[in-house]
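One structure below.
We did not get these values from a lab; they are worked out from the coordinates using the rules stated. Since the model is a prediction, treat every value here as computed from it, not as a measurement. For neighbour counting, all protein chains shown are included, and Cβ atoms are generated from backbone atoms with ideal geometry for every residue, glycine included.
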Amino acid sequence: MTVPLWYYLVLSGLIFLIGLVGVLVRRNIIIILLSIELMLNATNINFVAFSSYLGNLAGQVFVFFALTVAAAEVAVGLAIIIALYRHRSSINVDEFRLLKW
Amino acid sequence: MTFDLVLSGSDLLLLAPEIFLTVWLCVVLAIDFSIKNLDHENIAYLSVGGVIATLLNLLWFDYLGVTGTLFHDMFVLDRLAIFFKIFVLLSTVLVILSSIDYVKSFRFFRGEYYFLVMMSALGMMFMASAHDLLSVFVTLEFSTFGFYVLVAYLRDDVKSNEAGLKFFILGVFAAGLLAYGVSLVYGETGTLVFSEMAHTPGSYGLAIGFLMIFAALGFKIGAVPFHSWIPDTYHGAPTPVTAFLSIAPKGAAMAILIRMFYVALAAFKPTWVLLFVVASILSMTYGNIVAIAQKNIKRLLAYSGIAQIGNVLIGLAAGTKRGSDAILFYLLTYLFANLGAFAVVIGVGNLIKSDEIEDYNGLNRRSPFLAAAMLIFLLSLAGVPPLAGFIGKLYIFVAAIDQELYTLLAVGLINIIISMYYYLVVVKKMYINEPVDPSPIRVSIPIKTVIYVGLAGTLILGIYPRPFIEWVVAATLMFSNVTDMVAAALPHGSGG
Amino acid sequence: MANLIFFYFAGIIVLTATLVVALRNPVYSALSLLVMFFHVAGLYVTLHAEFLAAIQIIIYAGAILVLYLFVVMLLNLKREERFHQQTLTAALLGLVLFGEAVLLLASRPLRLSSMSASSEPNVASAVGNTESIGELLYSTYLFPFEVASLILLVAMIGAVILSKKGLLESKSS
């Protein structure tokens, strides 16, 4: 007996929410970015599960592109962090107060 | 193994503008790093040349009526797409011209700046043609990546780095929301293409999915409550980048919103009308009220932009062809007035190195030309006849009246009055107050060109809008039976 | 049996995901994310998406996490205050949202939530997963594919622009 689809949906929903809470709550930028990776992974789980149960490969193709975008975003994000770090030796978001939030 | 795709030459013709621009920007980048000691102005003019060539190509397509779809309906080139591509390219040309002096102050990576601007423009051109959720996601992210780098471009300036970081974090957060929303929609409908989705019955999964997609797109256009990145990003980014951000992504994201809601979600119109009404009221009111307290001209224009988007959303709330026409025309008027205003800000900022409104005191004495131009741009943004902004607002309000959205109309009119206050405060400072340092301000030719183009656009659209209105109406021809589409897509005998 | 495998993977995934968000040290968070990626790849294999499982490991675990760890080591971060003041509110909000989501899923059946046992995937029958995705990628989805290559170009050049070190004041870059 195969696993019902909604198990996967609950799993991905849970991971998505954990990632969401991580972005909102943590102050360390690296952890914030890792939480965003969690959100993207939740999306990927959703797509692969739907793709499998719908018999349609479009979902898997989307995962492919989501992976590409995630990789590119990590590159740019870490570059911004490095550029920022050269000015202030901290990556705690609360320290960035020059601009009002 | 068989491939089910055969691309003929005439198919590739539809992609010709994008292909040309891609090749051009790679060539520009190669020229930049292979020729030593090349003055960056040459790169700028080369870029402008390429973009104008692409623009002419598109105008030619529009004239010939070239349309078509590619890749199983994933890429569409219709007059709506051509309109938005022309829109994006026009803003790109004006932004590149305004940037030339500003880029002089960069210590390094001058040529790459133009490359990134053109890359973002390319991404937004793709966005205008995207007709399914995968293309929307990929092209949206593509154009935004260019902007992440552009906002953080001033490596020596902590404000720019911070702005870049904040923009980046909120941007990828929105991308995550978008992706998850798309996954839910995919699960509910089994497809990603807009036209195939049109007849799915509604359900909670679909609603949540589209709500999340709307949230991500709302982030791009800067509607409340997804606007929090705007003031800080606009403040910290290099001013030409702010100018670019304030107009082009909004236009491209609007193209996607119009397609998505009019084609894919036609059946649920009563529900999403409410969504847009709320977003519109919040954006207009919040943007205008907070703008009053601003002391920095870039932040002022940022909040005024939020309010202007609130106005544009009225057109979406109307949900009719007239609404979409009004949106397109309004965006056109906003392009000229906004880029013109930013050109003045760049020109003044290059010389006095400040963006505080206090430093605009007595601008009239220092440069009557700049003060007069700014006056016209601000009045157009406020919606004063006979300038373009007036016609734009009129058109939007007519679309609202057409659909009996009287609350929205009332809020819109009240907001015009509120916005006049802060625009006129700037005007007063320019004309009546005494300047701290009365030396004249001279602006360079590229910036003068941009200001003249802005003035021309604002005045022509205000006094003789007829050809542009006809253009806009022809661009949305596919939506002329949108009310029929709604009726046909609704389940028999019930509403929404 | 299939259920057991699912619960193993799902359990570890949820556990490590929580650890990512909760741990104090960014290196430990990255490592628990690594474990999560491996288990997500395992989940993909059970869903007959073998190519994606391989790609997941290669790209996420092999490239992205390595990049994160590299930057963490480069910046030599110290352990610091973990949470904002609004931790409790945020956690409560998260719980409420999750509760709502579960209620929604349970109350009104999704069109697909009833699909389960009948849907043995019929896509990857004669052709393997890799071939089918490859066919699609180079034909139907050619447009996003090309745009994806442009995304990578922008990311590369952007990363160099933002982080290249020690440039002198010269005209050429």
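The relative contact order of chain B, computed from alpha carbon pairs under 8 Å that lie at least 6 residues apart in sequence, is 15 percent.
Using the Cβ-Cβ distance between C:Glu131 and B:Thr271 with R0 set to 51 Å, the FRET efficiency works out to roughly 0.75. The angle separating the long axis of helix B:269-292 from the principal Cα axis of greatest extent in chain B is about 10 degrees. Region B:109-151 and region A:11-73 have their alpha-carbon centroids 22 Å apart. For the pair B:Leu409 and C:Val160, label points projected 7 Å from Cα toward Cβ lie 5.8 nm apart. Mean residue ellipticity at 222 nm, helices only, chain B: -25500 deg cm²/dmol; runs of at least 4 DSSP H residues each add -39,500 (n - 2.57), and the sum is divided by the number of residues.
Site pair B:Glu434 and B:Ser105 shows an inter-label distance of 2.8 nm when each label is modelled 7 Å from Cα along Cα→Cβ. Using the Karplus relation 6.51 cos²θ - 1.76 cosθ + 1.60 with θ = phi - 60°, the per-residue 3J(HN,Hα) values for region B:70-78 come to 10, 6, 6, 6, 7, 10, 10, 10, 10 Hz, with x marking Gly and Pro. When the protein assembly as shown is described by a simple charge dipole with +1 on each Lys and Arg Cβ and -1 on each Asp and Glu Cβ, the residue from B:Val93, C:Ile161, B:Thr233 located farthest towards its positive end is B:Thr233.
Annotation: amide H-H contacts under 5 Å for B:Asn296 (H modelled 1.01 Å from N, sequence separation of 5 or more, or interchain): B:Ile357. Each 10 Å bin, from zero up to the one with the longest distance, holds this percent of the alpha carbon pairs of region B:268-496: 8, 31, 31, 18, 8, 3, 1, 0. Legend: residue pairs B:Lys36/B:Lys104; B:Lys85/B:Lys448; B:Lys85/B:Lys220; B:Lys250/B:Lys448; B:Lys36/B:Lys250, Cα-Cα distance threshold 27 Å; pairs beyond threshold, B:Lys36/B:Lys250. Restricting the trypsin sites (Lys or Arg not before Pro) of region B:86-160 to loop positions (DSSP other than H, G, I, E, B) with no more than 16 neighbouring Cβ atoms within 10 Å leaves B:Arg107.
Using the Cβ-Cβ distance between B:Glu358 and B:Asn37 with R0 = 45 Å, the FRET efficiency computed as 1/(1 + (r/R0)^6) comes to roughly 0.65.
Take each residue of peptide B:23-29, count the partner chain Cβ atoms within 10 Å of its Cβ, and average: the result is 1.
Taking Cα centre as origin and charging only the Cβ of basic (Lys, Arg, +1) and acidic (Asp, Glu, -1) residues, the dipole magnitude of chain B rounds to 1140 debye.
Loop-located trypsin sites (Lys or Arg not before Pro) in region B:350-436 (DSSP state other than H, G, I, E, B) with a sparse environment of at most 12 neighbouring Cβ atoms within 10 Å: B:Lys353.
Two-decimal Rg/Rh of region B:1-89 from alpha-carbon positions, Kirkwood Rh? We get a ratio of 1.09 for region B:1-89.
Kirkwood-based Rg over Rh for chain A (C-alpha set), two decimals? Rounded to two decimals, Rg over Rh is 1.11. Using only side-chain charges placed at the Cβ, +1 for Lys and Arg and -1 for Asp and Glu, the dipole size of the protein assembly as shown relative to its Cα centre rounds to 2000 debye.
Placing dummy labels 7 Å off each Cα toward the beta-carbon, the span from C:Leu15 to C:Ala63 is 3.1 nm. What is the helix-to-structure angle for B:466-475, meaning the angle in degrees between its Cα long axis and the longest Cα principal axis of chain B, kept from 0 to 90 and rounded to the nearest 10? Result, in degrees: 40. Since only B:Ala207, B:Asn37, B:Gly454 are under comparison, the one whose Cα sits farthest along the positive direction of the charge dipole of chain B, derived from C-beta charges on Lys, Arg, Asp and Glu, is B:Gly454. Note on the protein assembly as shown: semi-axes of the ellipsoid equivalent to its C-alpha gyration tensor, largest first and rounded to whole Å, are 40, 31, 26. To the nearest 0.05, how large is the calculated FRET efficiency for B:Tyr45 and B:Glu196 if R₀ is 56 Å and r is the Cβ-Cβ distance? Plugging the Cβ-Cβ distance into 1/(1 + (r/R0)^6) gives 0.80.
Could you tell me how far the Cα centroid of region B:339-354 sits from the Cα centroid of region B:373-403, in Å? Region B:373-403 and region B:339-354 have Cα centres separated by 24 Å.
Magnitude of the charge dipole for region B:268-496, about its Cα centre and with charges confined to Cβ atoms of Lys, Arg (+1) and Asp, Glu (-1), is about 380 debye. Against chain A, whose longest principal axis comes from its Cα atoms, helix A:58-85 is set at around 10 degrees.
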